[in-house]
Amino acid sequence: MRSYEVRTYGCQMNVHDSERLSGLLESAGYVRVEDGGQPDVVVFNTCAVRENADNRLYGNLGHLAPVKKQHPGMQIAVGGCLAQKDRGEITRRAPWVDVVFGTHNIGSLPALLERARHNDEAQVEILESLEVFPSTLPTRRESPYAAWVSISVGCNNTCTFCIVPSLRGTEKDRRPGEVLAEVEALVADGVLEVTLLGQNVNSYGVEFGDRLAFGKLLRACGDIEGLERVRFTSPHPKDFTDDVIAAMAETPNVMPSLHMPLQSGSDTVLKAMRRSYRRDRYLGILERVRAAMPDAAITTDVIVGFPGETDDDFEQTLDVVRQARFSGAFTFQYSTRPGTPAAGMDRQVPKAVVQERYERLVALQDDVSWAENKRQVGRRLDVLVAEGEGRKDGATHRLSGRAPDNRLVHFALPDGVEPPRRDRTAAPRRDRTAAPRPGDVATVEVTYAAPHHLVADGAFGGVRATRAGDAWAARQGRGQQPVGLLLGMPSRRVPGLTVQDA
Ligand code: SF4
């Protein structure tokens, strides 16, 4: 069987598309390459938004050229936004690439690989618009407990720094019934948390004429039994309406977290960005969100150094950041993206100025995040245990996961409890107390706050074994029993607690 590897760059859309690419390849008989192995097919799922994305792609392709020479039959495919943008240019610059496919036809990948092999000729296929909504394609989900669900693709806005509308096309909405059927199927499969995905979730419904469709969709998710956490990204301040705030506040499984892109705190810059809200509207939304959900954690995106940004404009951004009390922010230094309207604008800000402003913004946001996180110390939180979120967990004997408001929490295990192992071949050890598995929910007490995470080494409040934890265990190839309930203080064994062969 031929093996594959998918390399993903960019946003959650791409991460989700990569799950589909993997699902498609596996349906076509490919297997995922073992760790450290040499795949027969390498797929690049590219992003055109990040700086120097093309240099990085061609650099990576260059590294693969000699590898391909040594492995007859190996194939290289390039998809995603950069492929949609560069098209035939990719095979001109890297003639050893076998397949180039666009954002609208990811479903064609297996057929294009087959055709390239059969014809011994590179295949470049880019469609101008979506033919099949990608959610109908097979998917290999990375996580057994959390899943992305696309509600729309494309965007009807024209932000001047953004290449997305020209590469992903205008907004296409899925019908609510289809979205909910997918969510129900995921929950039946063990998933506890879904994130609804769209470039602008707040304009969801524009295609089928229902301006209130997104709020209704959130409320409908609240009726799905077994669905514990609902998140969404990205909203847009222009289209964010009070019915969505009400739906969030009144639907218990919609989590108190919101990622609300600000981009700039200056009305002049927002206008030049063609973002049609202003700072007062933005701050008003945050005020109403906090009035309805006092514990909501709000995160954002900010771009520094947009063409024409003056010192005063930048001060206004700092001012909004202070007032908004974001729990975290993705901060970006503006740099020209070929193909965007902003690339041709006058008054580009010198690199040194952008850098200096950026450092001041990051320092301020770190202070704000830290202050906000300190307010969490002493709270008891239900943490959905995650896999791969805590790089130092092995050394610190902690596990990691996400609080309802999406804060990252590293928590200590009670004495005598060892974390679950991923080693499929190791013989089960039956002398240990069970630990929460990825997908289970641990109740922990926060004892320390850092700017970007919380530590919870206080009294351990117990573990709730979930269907998602069972699904995780089943994926490890072990006959996993539910862990039962692990209560209270360190080292305490509870009747009914089954030993985990983790
Ligand atoms: Fe790009 Fe603006 Fe659409 Fe977001 S809303 S995808 S930034 S054009």
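The values are calculated or read from the model by the stated rules, or taken from the named source; none is laboratory data. What you are looking at is a predicted structure, and each value in this text was computed from that prediction instead of being measured. Virtual Cβ from ideal backbone geometry, glycine too; neighbours counted across all protein chains shown. Just so you know, the surface numbers come from the protein's heavy atoms only, side chains and all, with ligands and any DNA or RNA stripped out. Shrake-Rupley method; radii C 1.70, N 1.55, O 1.52, S 1.80 Å.
Looking only at residues in the range 352-366 that are under 29 Å from Thr447 (Cα atoms) and in contact (Cβ under 8 Å) with a residue 40 or more places away in the chain, which one is most open to solvent (accessible area, probe 1.4 Å)?
Per the stated criteria, the residue is Arg360.
What number of residues in the range 139-160 are in contact with a Lys or Arg (Cβ under 7 Å, 6 or more places away or on another chain) and either in a helix (DSSP H, G or I) or not hydroxyl-bearing (Ser, Thr, Tyr) (or both)?
Counting residues in the range 139-160 that are in contact with a Lys or Arg (Cβ under 7 Å, 6 or more places away or on another chain) and either in a helix (DSSP H, G or I) or not hydroxyl-bearing (Ser, Thr, Tyr) (or both) gives 7.
Do any strands (runs of 3 or more DSSP E) entirely within the range 1-93 hold 2 or more residues that are in contact with a Phe, Trp or Tyr (Cβ under 7 Å, 6 or more places away or on another chain) and aliphatic (A, V, I, L, M), and if so, which? Explain how you work it out, then say what you get.
Values: elements: 3-8, 41-46, 75-80.
Those strands (runs of 3 or more DSSP E) span 41-46, 75-80.
Quick one: is Pro252 away from the ligand (no atom under 16 Å from the Cβ) and either assigned to a loop (DSSP other than H, G, I, E, B) or crowded, with 19+ Cβ neighbours inside 10 Å (or both)?
On the way: away from the ligand (no atom under 16 Å from the Cβ): yes; either assigned to a loop (DSSP other than H, G, I, E, B) or crowded, with 19+ Cβ neighbours inside 10 Å (or both): yes.
Yes.
Taking the range 1-43 as the search range and keeping residues that are aromatic (Phe, Trp, Tyr) and modelled with pLDDT of 95 or more, which one is most open to solvent (accessible area, probe 1.4 Å)? Full working, then the answer.
Restricting attention to the range 1-43, the residues satisfying the condition of being aromatic (Phe, Trp, Tyr) are 4, 9, 30.
If we keep only those that are modelled with pLDDT of 95 or more too, we end up with 4, 30.
Working: Tyr4: 2, Tyr30: 19 Å².
Step by step, filter the range 1-43, then rank; the result is Tyr30.
Quick check on the range 141-194: of everything there that is crowded, with 21+ Cβ neighbours inside 10 Å and among the acidic types (Asp, Glu), which residue is farthest from the ligand (Cβ to nearest atom)?
Within the range 141-194, the match that is farthest from the ligand (Cβ to nearest atom) is Glu193.
Which residue pairs have Cβ atoms under 6 Å apart, sit 6 or more places apart or on different chains, and have a first residue in the range 162-186 that is more than 30 Å from Pro341 (Cβ to Cβ) and a second that is within 16 Å of the ligand (Cβ to nearest atom) and open to solvent by less than 30 Å² (accessible area, probe 1.4 Å)?
Val179/Ile151
Need the failing condition index for Pro138 against (1) within 16 Å of the ligand (Cβ to nearest atom); (2) in contact (Cβ under 8 Å) with a residue 12 or more places away in the chain; (3) surrounded by fewer than 21 Cβ atoms within 10 Å (Cβ to Cβ), just the number.
Exception for Pro138: condition (1).
Within the bounds of the range 289-297, is there any residue that is within 20 Å of the chain's Cα centre (by Cα), away from the ligand (no atom under 16 Å from the Cβ) and not basic (Lys, Arg)? Full working, then the answer.
At the first step, the residues of the range 289-297 found to be within 20 Å of the chain's Cα centre (by Cα) are 296-297.
Keeping just the survivors that are away from the ligand (no atom under 16 Å from the Cβ) gives 296-297.
Pick out the ones that are also not basic (Lys, Arg) and you get 296-297.
Checking the range 289-297: at least one residue is within 20 Å of the chain's Cα centre (by Cα), away from the ligand (no atom under 16 Å from the Cβ) and not basic (Lys, Arg).
Could you tell me how many of the residues in the range 201-232 are modelled with pLDDT under 95 and either within 16 Å of the ligand (Cβ to nearest atom) or open to solvent by less than 20 Å² (accessible area, probe 1.4 Å) (or both)?
Residues that pass the stated criteria total 2.
Within the range 255-284, which residues are touching a strand residue (DSSP E or B) at 6+ places or on another chain (Cβ under 9 Å) and among the aliphatic types (A, V, I, L, M)? Quick ask: steps written out before the conclusion?
First, the residues of the range 255-284 that are touching a strand residue (DSSP E or B) at 6+ places or on another chain (Cβ under 9 Å): 255-265, 269-270, 273, 275.
Correct list: Met255, Leu258, Met260, Leu262, Val269, Leu270, Met273.
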